[in-house]
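Single-structure report; data block below.
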Amino acid sequence: MLFVATERDPVPGGAHGEFLEARDGTRFRVARFGADGARRGTVVVLNGRTEFIEKYFEVVGDLMARGFSVATLDWRGQGRSDRALDNPHKGHADDFADFVSDLRQAWLEFIEPHCPAPFRMLCHSMGGNIGLRYLREHPGGFESAVFCAPMWGLGRGSSVAGWMRAIAGLGHWLRLHTRYVPGGGDFDAGHRVFEGNVLTQDRTRFDRFTAQVDADPRLELGSPTLGWANQAVRSIDAVHADGFAEAIETPIRVYSAARDSLVSVGAHRRVAGRLPNAEHIVVPDAKHEILMELDRYREQLLAAFEAA
């Protein structure tokens, strides 16, 4: 089967999925859900590092209930898309431009020809970095965009902490691209522990994720490699480059989680302030995965899709 269904997370209605092959031979999984005639168009969901299509089944259902079709994909190197290295647990990237290229291919071959307009973008974390680059490089396709805790900075600083930049640069200089970042490792039992996690305060949604991974271990992904870290720093720098944000005219809402320890709320504020048509909202007390958080937090973000 193309999708992993669990008792808590059945496959949403109108599901269609397939694999596309990029120019370099990498196969990546794409999916769309809902009727072609959805009255309000299509939301394109771009998920974060380690994530996969099934993790967003609940979000897909929420959007379909609001009158949207939904399209999404597994980034290369995660989910059921091809992994870059022999160890499938290693989250590796040769160049974040490959993610942007895969999204463009998905748009041209799978989304625009088969999904109803208008199109809106919903991005989380790493997907928010890729999504903003896509809007910059391919303007005009999306009517609006919502960014959930986008990866425009790592940690709590305004961009990338000096020590992170140093480690990424050293790994690149020493040609250690495929090594885990210091302290990193394979997906293991620790990733299944709810207590002390930095992602969500909702145990039910956390347990759904672990149930999906248990149902298909191919969805597991461990820590990033030094190569991924180096490319992430470069892609974050691109987002902060002079003139980058200023050229994006798409109406945008940026949602930050006040208790986020993975990406930078300061970077959200900084980039949103340079976007010509953006609003920045901080969700009090929420952790990084706002869409997987307690209802009182996630509903603030989903409200962006309530207006006609």
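Every number in this text was worked out from the coordinates using simple rules, so none of it is lab data. None of the values given here were measured: they were computed from a predicted structure. Cβ placement follows ideal geometry from the backbone for every residue including glycine, while neighbour counts extend to all protein chains displayed.
A few points about this structure:
- Burial ranking of peptide ranges 84-92, 273-281 (average Cβ count within 10 Å, highest at the top): 84-92, 273-281
- Taking the DSSP beta bridges with both ends in the chain, the antiparallel portion is around 30 percent.
- Nitroxide proxy distance, nm - points 7 Å out along Cα→Cβ at Asp207 and Ala161: 3.3 nm
- Positive-pole candidate from Leu199, Ile111, Pro88, dipole of region 16-305, charges at beta carbon: Leu199
- Kyte-Doolittle mean at least 1.0 and Cα axial length at least 15 Å: DSSP H helices in the chain: none
- Region 109-210: C-alpha gyration tensor shape, a/c 1.5 cut-off, then a/b vs b/c: oblate
- Exposure proxy shown here: for Asp237, Asp216, Asp188, Asp74, the number of other Cβ atoms within 10 Å sets the order, fewest to most, as Asp188, Asp237, Asp216, Asp74.
- Prolate/oblate/rounded label for the chain (Cα gyration tensor, a/c 1.5): rounded
- Between the C-alpha center of region 228-264 and that of region 155-226 there is a gap of 19 Å.
- Projected label distance in nm at Glu246 and Asp214, using a 7 Å step from Cα toward the beta-carbon: 5.3 nm
- Global form of region 219-308, assessed from the alpha-carbon gyration tensor, a/c cut-off 1.5: oblate
- With neighbours defined as other Cβ atoms within 10 Å of a residue's Cβ, the residues Met126, Met64 order from fewest to most as Met64, Met126.
- Inter-part distance where region 1-77 and region 78-100 are each reduced to a Cα centre, Å: 18 Å
- Magnitude of the charge dipole, region 198-245, Cβ model with Lys/Arg +1 and Asp/Glu -1, debye to 20: 60 debye
- Rounded to the nearest 20 debye, the dipole magnitude of region 217-308 is 200 debye, with +1 charges on Lys and Arg beta carbons, -1 on Asp and Glu beta carbons, and the Cα centre as origin.
- Positive end of the dipole of the chain (Cβ unit charges, origin at the Cα centre): among Ala241, Phe28, Val146, the Cα lying farthest that way belongs to Ala241.
- Here the chain is treated with +1 on each Lys and Arg Cβ and -1 on each Asp and Glu Cβ, and its dipole about the Cα centre works out to around 560 debye.
- Residue of Glu21, Glu289, Glu54 that the Gaussian network model of the chain assigns the largest fluctuation, springs spanning Cα pairs under 10 Å: Glu21
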